[in-house]
Each structure stands twice: as C-alpha cells, then as structure tokens.
Amino acid sequence: MTEWNVERAATVLAAAEADRADRGPVTDEWPELDLDTAYRVQDEILCRKVASGEQIVGVKLGLTSRAKQQRMGIDSPLTAWLTDRMALPAGAPLVTGELIHPRVEPEIVFVLGERLSGPGVTAARAMEAVSHVYAGLEVIDSRYTDFRFTLPDVVADNASSARFTVGGVIRKPDELDLALEACLLEVNGEVVDSATGAAVQGHPAEALALAANTLAKRRVVLEPGWIVLTGGLTDAVFAHPGSRISAQFANLGSVTLRCE
C-alpha cells in the first residue's frame, strides 16, 4: 500500500475536487495527519493550482464562530486560499453540477488597501489595512462525504473552499459598525437565518487580525488588493438547483446567487 504523505494527500484531494467525487476523511487512512502537516497539504494543492494558471486573490477564514471552534476543539479560525477561479462575477449563476454538494453562507468581505503582516496585529491595526467592505456569499463544497471531517482534514481540503461572490455596494470600514451589521439569509425569498457581524469572533476585524497573525507563522503576508472572506455569519444552506439564495445586509446591500 502506498504510504501517506503531503504529496499523496494533495493528489487525492485535488482529484476529488476535479472529479466531483466525495470520499472519506483522509484521517480515516492517515490518522497521524496533524494540523501543521494539513496546512502543508493545503499549500501543496495551492501550488498546483497556481502552476495550472490560477492566481491567488486572497484568503478566507473558517470556523470563526465560537460555537464551531468549541465543537472542533480549537481557539482560533482556520485560514485557506482563494484563487481567481473561485470568484463568481455579479449575476453569474452557481452551476451546482460543477461541484459535489455545495452549501452557501453569508460573509462580510474585506478588500485590503495595504500589506498586513503579523505577528502582533490587533483588530484596530487590521481595520487600518482595510480599503473597503462588501457583502458576500461563499460557496463551500467539502470533498468529504456528508461534510464529515476532523480539523486536519478540513484544513488539508482548503477549508472546503469552492466559489464566492460579492455584492455591488462598496463601503468604507469607518462608515460601518461591523459588529452590529445585520444580515438576513433568504432562500427563494424566505428568511431562513439571521445574524450580525458579531457572529464572527465578536467583530470581523478580530478574525482578520487572527488571520494575519496565524499566517505569519507560515511566513505569509496579506497583500494589498487581496480579498478576505471573514467567515460565515450563519449556518450554511444547501444550494439546490433552481434555488435563489440571498443575503440582505443592513448597510452593505444585498448579494444573490441563482443556483442552476
């Protein structure tokens, strides 16, 4: 039997994504997979995507809510990569057939105006680096059957990243109280969930600061122009073909995905 290592795990997960075929967690077969090694798998998959022509456009955070962190036994969010292939232009449909079992969650999205480098980044310093803020929807699509995974599994799988889109309203960060920014999640016009920005680490700036400080341990700096998805405000909803999923924000406008 072939021995598990970073390269094999990256190959297995990349194949699952390309073939749209879910599988059991890697840790079922490689129980020794730890968090540091899982990030190496994540980075190896990114390197392969870049080599194939994709470009890094930013990062995302996962497991930003306190409740989700407690369930997974961690005390800070996960980080993962965003590439240009994941970006859906405004109005473009979500083609569910390109994915395995997509789910959608609303996000507060930052665009950086300057470099942000840890360690020691505070929430206040993080917000100074933000150029503007959008409403967003992230599409997550775990390569694991039934979204069943351990912490190292989901890190290796780039935190289930698949697609994202942003709304058309641009706001400066100093124009908003992001902790109080309210959001309604709607499916086919019916409100199914709600939250405020406080659902993300108490304030999305805290999540951004944690991302900068966590990435610094891997010698990664957040670059100007990068997009940062700060984390799901609500639980994710399934993206069924024919459905219309919208997030209505108090001050950031709305953003909608039409699922085909």
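The values are calculated or read from the model by the stated rules, or taken from the named source; none is laboratory data. Fair warning: this is a prediction, and the values are worked out from it, not measured in the lab. So basically every Cβ, Gly included, is an ideal-geometry build from the backbone, and we count neighbours across all protein chains shown.
Some points to look at:
- Any hit, segment 34-48, residues being in a loop (DSSP other than H, G, I, E, B) and modelled with pLDDT of 95 or more: yes
- Residues being in a strand (DSSP E or B) and in contact with a Leu (Cβ under 7 Å, 6 or more places away or on another chain) - total across segment 126-144: 9
- Some residue of segment 118-134 being more than 25 Å from residue 218 (Cβ to Cβ), under 19 Å from the mean Cα position of the chain (by Cα) and either crowded, with 23+ Cβ neighbours inside 10 Å or at pLDDT below 95 (or both): yes
- Residues in segment 213-230 that are at pLDDT below 95 and in contact with a helix residue (DSSP H, G or I) (Cβ under 8 Å, 6 or more places away or on another chain): 218 alone.
- Any hit, segment 87-108, residues being touching a helix residue (DSSP H, G or I) at 6+ places or on another chain (Cβ under 6 Å) and closer than 22 Å to residue 210 by Cβ: yes
- Residue match in segment 241-254 (condition: of a type in the set (Gly, Ala, Ser), in contact with a helix residue (DSSP H, G or I) (Cβ under 7 Å, 6 or more places away or on another chain) and either on the phi > 0 side of the Ramachandran plot or at pLDDT 95 or above (or both)): no
- Of residues in segment 62-91 being part of a helix (DSSP H, G or I) and at pLDDT 80 or above, the one surrounded by the most Cβ atoms within 10 Å (Cβ to Cβ): 86
- Being over 16 Å from the mean Cα position of the chain (by Cα) and either β-branched (Val, Ile, Thr) or modelled with pLDDT of 95 or more (or both) holds for only one residue in 59, 12, and it is 12.
- Test: residue 225 is over 22 Å from residue 115 (Cα atoms) and not polar (S, T, N, Q): no
- Qualifying residue in segment 198-206 (condition: closer than 29 Å to residue 258 by Cβ and either hydroxyl-bearing (Ser, Thr, Tyr) or at pLDDT 95 or above (or both)): yes
- 1 or more residues within 20 Å of residue 121 (Cα to Cα) and within 18 Å of the chain's Cα centre (by Cα): qualifying strands (runs of 3 or more DSSP E) within segment 145-260: 227-232
- Looking only at segment 223-246, and only at residues there that are touching a Gly at 6+ places or on another chain (Cβ under 8 Å) and of a type in the set (A, V, I, L, M), the one that is surrounded by the fewest Cβ atoms within 10 Å (Cβ to Cβ): 227
- Residue count for segment 147-200, restricted to those that are of a type in the set (Asp, Glu), closer than 16 Å to residue 251 by Cβ and touching a residue at least 60 places away in the same chain (Cβ under 8 Å): 2.
- Yes/no for residue 22 being surrounded by 15 or more Cβ atoms within 10 Å (Cβ to Cβ), within 27 Å of residue 236 (Cα to Cα), acidic (Asp, Glu) and modelled with pLDDT of 95 or more: yes
- Odd one out for residue 100 among (1) among the aliphatic types (A, V, I, L, M); (2) buried (at least 23 other Cβ atoms within 10 Å of the Cβ); (3) assigned to a loop (DSSP other than H, G, I, E, B): (2)
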